[in-house]
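To start, the structure itself, in structure tokens.
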Amino acid sequence: MRIAVFSAKPYDETFLKRANATRHHELSFFDARLNVDTAALAQGFDGVCAFVNDHLDADVLTLLHEGGTRLVALRSAGFNHVDLAAAERLGITVARVPAYSPHAVAEHAVALILSLNRMTFRAHSRVRDGNFSLDGLLGFDLYGKTVGVVGTGQIGLIFADIMHGFGCRILASDPFINPDAKTFVEYVPLETLYAEADIISLHCPLTPETDHLIDSEAITRMKPGVMLINTGRGRVVDTQAVMHGLKSGHIGYLGLDVYEEEDQLFFEDLSYKVIDDDQFMRLTTFHNVLITGHQAFFTNEALTNIAQTTLNNIDAFENGSGELHRVVMDQS
Ligand code: NAI
């Protein structure tokens with residue numbers, strides 16, 4: 001099949017070409033994000049391959065459909081950026097990579113926790129500067145602390161396992177109890193999780209129910225000094241509310257790998273440009289905030305799996321056989 005790959009970075013090209021080596025698909029790589037202005041690039045292609053910050057709303061899907069697109073192969077697990085109703089109406093199949101390395105994301109969430117707790121990013125700068133003072137670097141033992149896991153799917157359960165290994169008590173909130181959850185995972189109402197957790201980590205998808213789940217009301221119900229970690233999706237957290245929480249000291253630490261306005265920023269080198277997102281720039285000024293640019297998934301294993309599953313989806317769509325990880329409406 002002829003596939004237009006959008007938001008293609010050099011690493012995407014490397015891994016997708018490697019996975020395609022034994023197949024026959026014609027892959028064309030476009031650095032551009034997919035949106036109404038760039039959808040014409042896909043003219044004449046059978047499918048598009050898209051990532052998390054590509055826009056697949058009804059207008060874009062209509063343009064793609066007019067250009068001959070029949071398949072949207074997502075290189076992500078999340079699909080909140082696709083208008084599934086429009087895709088269904090237009091007869092466009094949407095496929096995703098349901099799991100590529102839940103370990104990568106869970107481990108990154110833990111990396112944020114460890115870095116924030118012991119301020120290793122600040123310590124590194126200090127030591128390079130010949131400043132060996134420990135003031136401001138005081139951490140706490142993870143052992144014995146309570147960790148709240150919001151969303152106990154594949155990533156949330158692995159995260160819970162790792163934190164349990166540190167000797168933490170694990171509370172969880174999820175509309176569905178995962179039968180794979182170990183006995184140490186205590187499912188509790190969200191209220192209880194907010195009230196008792198020293199660290200809260202978000203591993204739920206972005207849905208209408210989780211949109212701004214962490215708002216000012218939720219924050220006031222959390223323990224003063226709580227550490228909040230978001231590697232899920234940016235809009236699960238109301239950034240304004242979190243900024244107020246940081247200013248008042250109610251939130252003691254914030255670790256973000258995702259941000260609600262990230263599509264204007266992440267995955268690009270903007271170091272030579274003026275960033276006009278004042279909210280984001282304010283966030284970066286807090287000493288107790290650590291932000292990474294949606295890199296939790298970014299491991300060798302994950303990129304290998306993403307490329308292979310994406311091409312398997314394309315094979316399965318083309319041949320009408322094999323496993324096609326199709327996204328259907330009301331899936332969450
Ligand atoms: P999953 O589908 O295995 O698990 C999601 C869990 O969230 C499910 O158990 C579901 O019942 C639960 N959930 C749904 N609504 C909820 C709510 N209102 N409150 C609490 N829990 C709720 O998904 P997986 O693979 O564990 O991924 C979780 C999320 O992580 C993805 O949806 C995606 O947004 C994000 N992600 C982030 C990456 C990154 O690089 N930062 C990479 C991959 C995924």
Inset, instruction - Would you work out the relative contact order for the chain, in percent, from Cα pairs under 8 angstrom that are 6 or more residues apart? - result: 17 percent
Inset, instruction - Kindly provide the helix-only [θ] at 222 nm of the chain, computed as the sum of -39,500 (n - 2.57) over DSSP H runs of four or more divided by all residues, to the nearest 500 deg cm²/dmol? - result: -10000 deg cm²/dmol
Legend entry - Separation of alpha-carbon centers, region 45-90 and region 91-148, rounded to whole Å: 33 Å
Legend entry - Solution diffusion estimate, µm²/s, Stokes-Einstein, the chain, Kirkwood Rh from C-alpha pairs, 20 °C, viscosity 1.002 mPa s: 102 µm²/s
Legend entry - Magnitude of the charge dipole, region 57-96, Cβ model with Lys/Arg +1 and Asp/Glu -1, debye to 20: 240 debye
Legend entry - Among beta bridges that DSSP assigns inside the chain, antiparallel share in %, nearest 5: 0 percent
Legend entry - Distance (nanometres) between label positions extended 7 Å along Cα→Cβ at His24 and Asp330: 4.0 nm
Legend entry - 25 Å Cα-Cα threshold exceeded, pairs from Lys9/Lys247; Lys9/Lys273; Lys17/Lys273: Lys9/Lys247; Lys17/Lys273
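By per-residue mean of other Cβ atoms within 10 Å, what is the highest-first order of 97-109, 310-322?
Highest mean packing first, the order is 97-109, 310-322.
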Legend entry - Candidate lysines - alpha carbon under 26 Å from Lys182, same-chain residues fewer than 8 apart omitted: Lys145, Lys223
Legend entry - Within region 263-327, trypsin sites (Lys or Arg not before Pro) in DSSP loop having at most 16 other beta-carbon neighbours inside 10 Å: Lys273
Legend entry - Residues Asp278, Asp198, Asp54, Asp31 arranged by fewest to most Cβ contacts within 10 Å: Asp278, Asp31, Asp198, Asp54
Legend entry - Among Thr292, Thr69, Thr120, residue whose mean-square fluctuation peaks in a GNM of the chain (springs only between Cα atoms under 10 Å): Thr120
Inset, instruction - Could you state the angle between the C-alpha long axis of helix 300-319 and the longest principal axis of the C-alpha atoms of the chain, as a value from 0 to 90 degrees rounded to the nearest 10? - result: 30 degrees
Inset, instruction - Using only Cα atoms, tell me the angle between helix 10-20 and the longest principal axis of the chain; keep it within 0 to 90° and round to the nearest 10. - result: 50 degrees
Inset, instruction - Report the antiparallel proportion of the DSSP beta bridges in region 165-290 as a percent, rounded to a multiple of 5. - result: 0 percent
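Assuming R0 = 22 Å, can you tell me the calculated FRET efficiency for the pair Gln264 and His287, based on Cβ-Cβ distance, to the nearest 0.05? Spell out each step's value before the answer.
Details: r = 25 Å, r/R0 = 1.12.
Result of the calculation: an efficiency of 0.35.
Read-outs: derived from the displayed coordinates by stated rules, not from any lab. Predicted model, so just to flag it, every value in this text is computed and none were measured. As a convention, Cβ positions derive from the backbone with ideal geometry for all residues, glycine included, and neighbour counts pool all protein chains shown.
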